[in-house]
1. Please turn the phi angles of region 161-173 into ³J(HN,Hα) values with the Karplus equation 6.51 cos²θ - 1.76 cosθ + 1.60 (θ = phi - 60°), one per residue in order, whole Hz, x for glycine and proline.
2. List every residue whose amide H lies under 5 Å from the amide H of residue 127, counting only residues 5 or more places away in sequence or on a different chain, with H placed 1.01 Å from N in the peptide plane.
3. Go ahead and estimate [θ] at 222 nm for the chain from helices alone: -39,500 (n - 2.57) per DSSP H run with n ≥ 4, summed, over the residue count, rounded to 500.
4. Relative to the longest principal Cα axis of the chain, at what angle does helix 229-238 sit, 0 to 90 degrees, rounded to 10?
5. Given the options 61, 101, 36, identify the residue whose Cα lies farthest towards the positive end of the charge dipole of region 1-125 (+1 on Cβ of Lys, Arg; -1 on Cβ of Asp, Glu).
6. At 0.36 nm per residue, and after removing the present C-alpha to C-alpha distance, how many nm does the segment from residue 184 to residue 124 gain when stretched out fully?
7. Cα axis of helix 49-60 to longest principal axis of the chain: angle in degrees, 0 to 90, nearest 10?
8. Over the chain, what is the relative contact order in whole percent, taking alpha-carbon pairs under 8 Å and six or more residues apart?
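Computed from the coordinates by the stated procedures, all read-outs in this text should not be read as laboratory data. Remember, it's a predicted structure, so these values are computed and weren't measured experimentally. Cβ coordinates were reconstructed from backbone atoms using ideal geometry, including for glycine residues, and neighbour counts include every protein chain displayed.
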Amino acid sequence: MNAHDYPGILVVFDGIDGAGKTTQVRRLEAALASVGERVIVSKEPTDGPWGAKLRASATSGRLPFDEELTAFIEDRQEHLATKVIPALEAGAVVILDRYFYSTIAYQGLRAGGISPIEARIRRNVVEPDVAYLLDVPPTLATARIQARDGAANHFEKIEDLIQIDRLFREIAQRDESIVRIDGSVSEQAVFDSLLKHFVEGPFKRKRCAKDYGCDDPLHCTPRLTSNCTWWERAKALLGRPETI
Ligand SMILES: Nc1ncnc2c1ncn2[C@@H]1O[C@H](COP(=O)(O)OP(=O)(O)O)[C@@H](O)[C@H]1O
Ligand SMILES: Cc1cn([C@H]2C[C@H](O)[C@@H](COP(=O)(O)OP(=O)(O)O)O2)c(=O)[nH]c1=O
């Protein structure tokens, strides 16, 4: 799988339920919108017909394995074609709350491991610019879910979350798009570390005025003339440009 060539930036948040994905998605959306980025937020499973079927199964009883796996894959293909790719083509930052890593981990648990299903799940997906894996101990995630929802759904029993957490770590070890972030600290501390990584990593790669990369920060003409989108927005986002 190769990096995409769209002008937009695809940012993924993944991890077990209760890891803090939705919280961080909202924070990143607000921060990037405040500096003038066009931001599209979306999630998987989607609100389309495949997603609706999957959501219903989370409370009423799970679909047979093959049917469930196919539904997640079809849902994603529709999502990519109708929403994600058009937004990336238009240059937006697309932030996803769960992506194919969830399918590898959650359906991998049902398949008895990642290897029988991973290649099929990765086929025809857009590689993200970065995927933040929010890392929290399953016991803490479960406590947060209980506090948030009052109960867990069928996908999220504690014994399953322990295995899914293990599978996410296994995926992260082999996939260089994944960045593990400690999600067990405060919301603000989680956001500070991921924002710093995002601005100095994927955001810089896509928004630096020099398409060959930022080679000479002190004598950079686009920076000195306020013509580097990345530099202007990085200063506003991080508030401490001397460290960049
Ligand atoms: N870093 C954090 N520390 C403490 N509580 C958090 C933190 N991040 C999120 N929460 C809370 O935990 C619950 C689950 O967070 P949420 O963002 O919905 O997780 P996810 O989308 O991964 O399921 C929410 O009630 C949220 O307010
Ligand atoms: C995207 C995806 C989600 N899931 C699971 C994880 C969630 O427990 C469940 C429903 O997702 P959802 O309720 O939308 O997510 P959350 O609880 O994080 O707000 O679907 C899979 O099993 N495979 C997948 O490919």
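1. 4, 4, 6, 5, 4, 5, 5, 4, 5, 5, 4, 4, 5
2. For residue 127, the qualifying residues are 4.
3. Details: 12 runs with 114 residues, N = 244.
That comes out to -13500 deg cm²/dmol.
4. Relative to the chain, helix 229-238 is tipped by roughly 70 degrees.
5. The residue sitting most towards the positive pole is 61.
6. Working: separation 60, 0.36 × 60 = 21.60 nm, distance 3.31 nm.
Additional length available on full extension: 18.3 nm.
7. Approximately 50 degrees, to the nearest 10.
8. Working: 341 pairs, mean separation 66.2, N = 244.
Relative contact order here is 27 percent.
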